[in-house]
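Before any comments, here is the structure.
We did not get these values from a lab; they are worked out from the coordinates using the rules stated. Note that the structure is predicted; figures quoted are calculated from it, not measured. Note that each Cβ is placed from the backbone with ideal geometry, even for glycine, and that neighbours are counted across all protein chains shown.
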Amino acid sequence: MSKLKLSVAVGDYDRVRPLIDGTVAIDGVDPTFMTLVPEEIFFRAFRHAEFDICELSLSSFTVKTAQGDNPYVGVPAFVSRAFRHTSIYVRTDRIRKPEDLRGRKVGLPEYQLTANVWARAILEDDHGVKPADVTWVRGGIETAGRPEKIGLDLPKEIKIESAPDGSTISQLLARGDIDGFMAPRPPAIEGGHPHVGWLFPDPIAAAKDYYQRTRIFPIMHVVGVRRTIAERHPWLPAAVLKAFTQSKVVALAKLSDTSATKVTLPFVEEQLKAARALMGEDFWSYGVEPNRHTLDTFLRHHHGQGLSPRRLGVEELFHPSTLEAHKV
């Protein structure tokens, strides 16, 4: 049987490199890999469905699923995860604590970004600051004029303004025209700024406390398979999940090899040991059941923040064949 020739667009992560270099294969697939930055993948995927298999924003994926016009079916391989306490910057000369953001202006590149959903969830659940308590100013981080990549129909109580023509949200923060900044990337302020810093001064300690209380390691990105291909080849989503899972296993085995550090950073081995002590051996889990609580929390906030007109169920996000895996 000839293999399917399919395009695969993902970020250049250690957990997918065994797929990219051919160490791990996707059963029945002859892939053409493209390693691209997330913003490019998401824009091209949700505007034009350009890729057969690709990494996707969990929030954008949820928006499109709720709207009923998602060109992709989901695979629960969570190739990007991050604690988002590092995603909130403020003017430290006027914002001392999260509660001070009530009634203030916070810049963001897009309201619906997954990192921003999780950051707003932290503000609401832990500090009582709701999305409607803030005025959101939308604009590019490094380039002015960034639009939402997909259309949104937000409730009236969500207040969103556009950044002034020619201004980025990084510039607005530096000038003091806004009080905060929320994004997956830091503000682009050359040389830094004496009055711009993290809302949480020690975000690692805040994230560890968050995990210990909630058992949530936030999911950022899922993998999608073009819906028309999955309909013609219903075996494909499960094959994709199997391959991405095997690739992660290979990557973690390399990371655990202490003979020579695989990452250009000191204390990697110690950090790996600390992560497993805090979060367990399978701290970066794939699959629905190990992540049901995290996914359900995300879907609750996604709906509560006005991004999905109804609260989706976890099973609605993923192809039926990926909801459980075989065991030997």
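Some points to look at:
- Computed over the chain, the per-residue total of -39500 (n - 2.57) for DSSP H runs of n ≥ 4 gives a 222 nm mean residue ellipticity of -10000 deg cm²/dmol, rounded to 500.
- Anchor Lys273: lysines whose Cα lies under 30 Å away (excluding residues fewer than 8 positions away in-chain): Lys208, Lys242, Lys248, Lys254, Lys262, Lys327
- Each of Arg215, Arg44 was scored by other Cβ atoms within 10 Å of its Cβ. Listed from fewest to most, they are Arg215, Arg44.
- Ordering Thr143, Thr92, Thr294 from the fewest to the most neighbouring beta carbons within 10 Å gives Thr143, Thr92, Thr294.
- Volume per residue of the C-alpha convex hull in region 65-146, rounded to whole Å³: 149 Å³
- When the chain is treated as a GNM with alpha-carbon contacts under 10 Å, the residue of Ala188, Ala45, Ala274 showing the greatest mean-square fluctuation is Ala274.
- Dipole orientation for region 158-315: of the candidates Gly192, Gly224, His301, Gly224 has the Cα lying most toward the positive pole (charges on Cβ; Lys, Arg +1; Asp, Glu -1).
- With Cα atoms as the point set, the radius of gyration and Dmax of region 216-264 evaluate to 15.4, 46 Å.
- In a reduced charge model with +1 at each Lys and Arg Cβ and -1 at each Asp and Glu Cβ, the chain shows a dipole moment near 280 debye about its Cα centre.
- Region 84-214 - share of DSSP beta bridges that are antiparallel (%, nearest 5): 40 percent
- Neighbourhood net charge (13 Å Cβ-Cβ; Lys/Arg +1, Asp/Glu -1) for Asp30: 0
- 5 angstrom amide H check on Met34, placed H, neighbours 5+ away: Val8, Ala9, Val10
- Under 20 Å from the Cα of Lys156 - lysines, other chains or at least 8 residues apart: Lys105, Lys130
- Amide H contacts of Lys159 (H built 1.01 Å from N, under 5 Å, at least 5 apart or other chain): Trp136
- Each residue of region 72-83 was assigned a 3J(HN,Hα) from its phi angle through the Karplus curve 6.51 cos²θ - 1.76 cosθ + 1.60 (θ = phi - 60°); the sequence is 10, 9, x, 10, x, 9, 9, 6, 9, 9, 6, 6 Hz, with glycine and proline shown as x.
- Ranked for footprinting exposure by Cβ neighbours inside 10 Å, fewest first, Val225, Val268, Val129 give Val268, Val129, Val225.
- Between Leu323 and Ser256, the modelled label-to-label distance comes to 3.1 nm, taking each label 7 Å out from Cα in the direction of the beta carbon.
- For His221, the amide hydrogen comes within under 5 Å of the amide hydrogens of Leu58, Val79, Ser80, counting only partners 5 or more places away or on other chains and with H modelled in the peptide plane.
- Backbone N atoms of region 51-91 closer than 20 Å to the 7 Å Cα→Cβ label point of Asp126 belong to residues 81-91.
- Karplus (6.51, -1.76, 1.60) ³J(HN,Hα), θ = phi - 60°, over region 122-138, in Hz, Gly and Pro reported as x: 4, 4, 6, 5, 9, 9, x, 8, 8, x, 6, 7, 10, 9, 9, 10, 9
- Whole-Hz Karplus values for region 177-190 come out as 6, 10, 9, x, 8, 9, 6, x, 10, x, x, 8, 10, 4 Hz, taken residue by residue from phi with 6.51 cos²θ - 1.76 cosθ + 1.60 and θ = phi - 60°; glycine and proline positions read x.
- Hypothetical label at Phe267: residues of region 205-248 whose amide nitrogen lies under 16 Å (7 Å Cα-Cβ projection): 205-208
- Rounded to whole Å, sorted largest first: equivalent-ellipsoid semi-axes of region 84-214, Cα gyration tensor: 21, 18, 13
- Percent RCO, i.e. relative contact order, over the chain, from Cα pairs under 8 Å lying at least 6 residues apart: 26 percent
- Measuring r between the beta carbons of Met279 and Arg175 and using R0 = 35 Å, the FRET efficiency lands at 0.30.
- Considering only Val73, Gly28, Ala45, the residue lying farthest towards the positive end of the dipole of region 1-86 is Val73, judged by Cα position with unit charges set on Cβ.
- Charge tally around Ser167: other residues with Cβ under 14 Å, Lys/Arg +1 each, Asp/Glu -1 each, net 0.
- Normalising by residue count, the chain has a Cα convex hull of 146 Å³ per residue.
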